[in-house]
Structure formats: C-alpha cells, structure tokens
Amino acid sequence: MSNLEKKWWFNALAGGVSAFCARFVLEQAGIPDPAGAAQWTLFFFCVLGFWRGFSFLAWLAILLAWPRSPLLDSK
C-alpha cells in the first residue's frame, strides 16, 4: 500500500467515484436498486474493482508527473 492510499482525502475521493461508477454500471445492467445478497455482492465487487482501478491510475499519474513524490513510497 502506497502513501497515497493511506491518505483520507484520496480514499474519500476514490470511494465516492467508485460507488458512483458501480451504481451507473448496475443501472445499465438493469439493476436499479440492489436487493438481495447476490446483487449487493455484485455491487461490492464492482466498487472494489473500480476502487483498485482508480487507485492504480492515480498512482500512475503521479508517477508520470512527479516521479520523486513521497506519495509513491510504500512503507
């Protein structure tokens, strides 16, 4: 886990955008409101996948823009 993923503001932003994107994907799939364990599990996995994807893209963007940023260090 990088220092970027330990920042509260990054987690709030990534979580919010991930939930919004997962909700959009589920609505497009015909699931407007998750009901039942299977649909909530699907929603959770969508959020998790988007979260990891956005986290990687943010890490890559910082790597390209500021290669020596302390946010990229893993501790």
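The values are calculated or read from the model by the stated rules, or taken from the named source; none is laboratory data. This one's a predicted model, so the numbers in the text were calculated from it and none came from an experiment. Here the Cβ positions follow ideal geometry from the backbone for every residue, glycine too, while neighbour counts run over all protein chains shown.
Looking only at the range 1-48, which residues are over 30 Å from residue 73 (Cβ atoms) and among the polar types (S, T, N, Q)?
28, 39, 41
Just wondering, is there one or more residues in the range 17-24 that are out of contact with any Ser or Thr (no Cβ under 7 Å at 6 or more places or on another chain), basic (Lys, Arg) and loosely packed, with under 14 Cβ neighbours inside 10 Å?
no
Taking the range 1-10, which residues are within 14 Å of residue 62 (Cβ to Cβ), modelled with pLDDT under 85 and in a loop (DSSP other than H, G, I, E, B)?
3
Among the numbered criteria (1) in a helix (DSSP H, G or I); (2) of a type in the set (Val, Ile, Thr); (3) surrounded by 14 or more Cβ atoms within 10 Å (Cβ to Cβ), which single criterion is violated by residue 31?
(1)
For the range 26-34, does any single residue satisfy the condition of being over 21 Å from residue 61 (Cβ atoms) and among the polar types (S, T, N, Q)?
Taking every residue of the range 26-34 in turn, at least one turns out to be over 21 Å from residue 61 (Cβ atoms) and among the polar types (S, T, N, Q).
When you go through 42, 63, 13 one by one, which is the residue that is surrounded by 12 or more Cβ atoms within 10 Å (Cβ to Cβ), touching a residue at least 12 places away in the same chain (Cβ under 8 Å) and assigned to a helix (DSSP H, G or I)?
None of the other options fit; the residue is 42.
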